[in-house]
1. Looking at the stretch 62-91, which of its residues are free of Cβ contacts under 8 Å to residues at least 40 places away in the same chain and closer than 18 Å to Val145 by Cα?
2. Which condition number does Thr328 fail, the rest of (1) part of a loop (DSSP other than H, G, I, E, B); (2) farther than 23 Å from Ile131 by Cβ being met?
3. Just one of (1) in a loop (DSSP other than H, G, I, E, B); (2) touching a Ser or Thr at 6+ places or on another chain (Cβ under 8 Å); (3) not charged (D, E, K, R) trips up Ala142, so point out which.
4. Give Glu424, Glu445, Glu432 a once-over and let me know the one that is among the acidic types (Asp, Glu) and under 14 Å from Leu495 (Cβ atoms).
5. Which residue, of Leu360, Leu315, is surrounded by 24 or more Cβ atoms within 10 Å (Cβ to Cβ) and on the phi < 0 side of the Ramachandran plot?
6. Name the single residue, out of those in the stretch 449-489 being hydrophobic (A, V, I, L, M, F, W, C) and modelled with pLDDT under 95, that is least open to solvent (accessible area, probe 1.4 Å).
7. List pairs: first in the stretch 424-447 and open to solvent by less than 60 Å² (accessible area, probe 1.4 Å), second part of a strand (DSSP E or B) and basic (Lys, Arg), Cβ under 8 Å, 6+ apart or cross-chain?
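The values are calculated or read from the model by the stated rules, or taken from the named source; none is laboratory data. Keep in mind the model is a prediction, meaning the values are calculated, not measured. Note that each Cβ is placed from the backbone with ideal geometry, even for glycine, and that neighbours are counted across all protein chains shown. Accessible surface is based on the protein model in full, side chains and every heavy atom, while ligands, DNA and RNA are left aside. Shrake-Rupley method; radii C 1.70, N 1.55, O 1.52, S 1.80 Å.
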Amino acid sequence: MRRALLAFMAFACAAAPLAAQRRPPHVPQPSTVLGFVPGTDRRLTDWEPIVAYFHALEAASDRVVVREIGRTTNGAPFIVAFISSRANLARLPALADIQRRLADPRLVSDSAAAERLIRRGRVFALLTAGIHSTEVGGPLSALDVAYRLASDASPEVAGILDNTVVMLVPSLNPDGVSIVAHWYAQTLGTNAEGTDPPELYNRYAGHDDNRDWYAFTQVETRLVVDSLYDVWHPQVTLDLHQQGMTGSRIFVPPYLDPVEPNVDPLLVQGDNALGLAMAWRMTADGYAGVAVNALYDAWSPGRAFQHYHGAVRILTETASARLASPVTVPLDSLRAGEGVDPRAASWNFVAPWPGGTWTLGDIVRYQTASTMAFLDQVARNRTRWMRDARLVASRAVRGWPGWPYAFVIPTAGQNLTAVATLLEIFRHAQVEVRAALAPFTIARERFFPGTYVIPLRQPYAAFAKAMLERQSYPDLRQYPGGPPARPYDVTAETLPLLLGVRVLAVADTLPVALSAPVAAAPPVYHAAGPAGGTKPGAVRTGVYRSFVPTPDEGWTRWVFDGWGVSYESVGDSAIRAGNLGARFDAIVLPSQDPRAILSGLPAGRYPARYTGGLGAPGAQALRAFVDSGGTLIALNEACDFVIGALDLPVADVLSDVAARDFYAPGSLLRLQLDPADPLAEGMPPQTAAWFESGPAFDVLDPMRVRVAARFPADAGDVLLSGWLLGASHLAGKAALVDVRSGRGHVVLFGFRPQYRGQSLATYPLLFNAIRSAAR
């Protein structure tokens with residue numbers, strides 16, 4: 001963190017005199033570098049011209065400083081543009097110091113001194129786009145916004161530049177910008193024009209790359225957190241996204257309920273006020289189809305890191321086209337979503353869009369308008385946003401009534417790799433971790449010196465509490481007694497359960513002195529087997545890679561790459577060709593809809609080499625692989641495909657249960673393990689399993705099926721964190737089974753043991769399953 005701060009101070013000091021000396025004769029429009037106007041139908045660009053344009057803008061305008069803050073997963077430059085007045089850019093080091101001191105009230109406790117800092121400071125606004133690369137408007141809108149801020153002489157832009165420092169990240173996933181642009185160019189004029197590429201647009205996370213904002217597994221996430229949030233402490237943020245094409249034209253906050261309970265109410269009101277002001281401005285400017293208080297909630301920290309770091313978070317979701325190709329959307333084809341019907345006016349959707357043609361130009365126009373409305377409102381209320389951010393930090397430092405005083409993380413008897421992972425997460429999040437300087441006792445339990453302690457009297461205590469406690473998502477229904485109202489994302493993120501780390505909440509002051517904040521050594525990962533056991537890397541392992549990209553496949557590769565598990569990706573044609581035993585001892589099928597595995601991408605829409613899935617020949621090849629002695633490992637949704645394809649004596653008890661009777665939208669469930677089973681070797685008797693769209697099993701032939709893990713027999717013991725409706729359907733059911741088939745066997749996981757690179761607690765089960773192929 002300190003290295004990042006020093007690097008940014010160095011670039012700020014170097015940039016200041018340059019900014020003060022430039023007298024630009026002309027500011028280039030984006031088209032001079034791209035060769036087209038952003039938003040032109042059927043025109044996309046890869047990442048290099050975007051980077052080139054920002055450097056051209058920097059060379060021509062004294063309002064822009066561009067810096068590369070690192071490299072992406074695939075080695076592309078990751079850039080941020082600082083856009084402000086020449087005077088503000090000339091004193092970036094001083095402004096950074098003001099931000100640092102305001103973000104931590106312990107550094108400036110005197111309110112008069114804080115007010116002087118606020119008068120001298122500027123509000124920092126972080127704008128991000130393009131994290132989901134098929135949402136192609138974001139990076140193009142970023143070019144449009146940057147050009148306006150760098151060239152416009154209007155009083156509105158002058159006010160923005162004088163009162164704010166805009167940190168503009170044109171794409172949070174530069175690799176995906178190029179992947180999508182190349183696929184679009186390749187398919188332009190064919191039946192596949194406007195389709196998603198047949199690969200993940202982030203090497204590992206795919207569409208999950210915006211769910212990484214509390215685990216910080218990906219390079220791109222860490223670059224933004226370490227170099228922007230942790231250094232510049234933005235008070236307001238705006239994230240440009242796109243949604244489906246048949247709903248509202250754009251969403252802005254307020255968000256739907258529920259709001260995660262650790263988010264400071266002042267930030268929630270800030271979201272509400274700023275979002276409504278943006279909607280007000282856009283409606284006044286003639287933009288139809290603006291929805292508020294609809295579709296998107298504010299529950300998951302996986303998408304809302306800002307809410308736990310003193311910043312208002314504005315999400316916009318603009319309607320999509322077919323990538324850069326226009327679509328026709330008649331009024332009667334619009335579809336209602338949670339909280340809004342785009343065919344009818346309501347208080348939160350005052351001016352419906354009448355339907356018609358929707359283009360990439362419309363997307364850029366709406367995104368640019370919403371961004372300028374955001375910046376204008378922020379600039380007009382500069383001191384309000386700065387005071388509110390400081391007030392949020394001050395409340396955190398004082399401590400919230402009813403919160404624990406601290407969390408204690410013992411080291412004795414713990415998996416130290418998991419503990420180190422937890423501490424590394426908190427390091428990225430600027431959560432202070434301290435160490436006990438002497439032995440102490442809590443509830444008759446003795447703790448050693450060096451025990452880690454996280455006091456909840458610090459600026460980012462909300463992040464620590466949200467990550468360390470168990471979540472209790474409210475039982476929300478579409479109507480009284482009706483089916484569940486779907487949350488926008490998952491409902492649990494409890495890191496101690498995901499990692500398998502024991503943590504204790506302490507209500508009162510600890511009876512021990514604590515050290516200054518400590519920096520623990522980063523974790524080192526390896527998947528060595530138990531004493532005398534086979535290492536997973538010694539097993540010839542294949543990982544199925546469908547042309548229907550699934551993030552679970554990417555996360556599987558991420559875990560294997562990070563933990564030293566050798567593997568080879570294997571696609572549809574290679575599996576259909578058969579003779580798999582000549583190449584593999586074990587094959588892993590990541591979680592994926594069984595229909596996608598079987599049928600793949602549709603023929604006639606995609607080129608033939610990408611279509612067809614495994615089909616009947618692939619299913620037969622997998623059956624032959626197992627019958628001849630191979631090990632097939634299926635994760636979560638893939639289990640239902642395998643049960644049918646291999647005619648296994650196992651039934652998924654959830655296959656025909658209605659959502660009104662059973663619902664688990666991303667929750668952590670208790671798992672009881674059989675310690676004598678090889679799949680559970682080295683594991684505790686109980687652990688937490690990530691459950692989302694998974695099966696649960698009845699055993700039809702106990703002579704062929706071995707149960708390694710079950711859900712508790714008491715339905716009241718199943719849920720650990722999140723939301724679970726209909727726990728009785730899981731009670732006592734098998735969650736992890738090993739099925740003999742021919743000379744081989746099939747391991748079925750009714751959960752995701754490697755969930756989003758976070759669930760270290762259940763990694764050993766997957767590694768043991770791979771090792772079982774060598775037995």
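1. Val66 - this is the single residue of the stretch 62-91 that is free of Cβ contacts under 8 Å to residues at least 40 places away in the same chain and closer than 18 Å to Val145 by Cα.
2. (1)
3. So Ala142 meets the others, but not (1).
4. Details: Glu445 fails: under 14 Å from Leu495 (Cβ atoms); Glu432 fails: under 14 Å from Leu495 (Cβ atoms).
After applying the criteria, what remains is Glu424.
5. On the way: Leu315 fails: surrounded by 24 or more Cβ atoms within 10 Å (Cβ to Cβ).
Unique residue meeting the criteria: Leu360.
6. Ala485
7. If the second residue must be part of a strand (DSSP E or B) and basic (Lys, Arg), the pairs left are Phe440/Arg446.
Residue-wise test of (1) in contact with a helix residue (DSSP H, G or I) (Cβ under 6 Å, 6 or more places away or on another chain); (2) closer than 25 Å to Pro484 by Cβ; (3) among the acidic types (Asp, Glu); (4) modelled with pLDDT under 95.
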residue: Asp698; (1), (2), (3), (4): no, yes, yes, no
residue: Asp701; (1), (2), (3), (4): no, no, yes, no
residue: Leu730; (1), (2), (3), (4): no, yes, no, no
residue: Val737; (1), (2), (3), (4): no, no, no, no
residue: Phe749; (1), (2), (3), (4): no, yes, no, no
residue: Pro753; (1), (2), (3), (4): yes, no, no, no
residue: Leu766; (1), (2), (3), (4): no, no, no, no
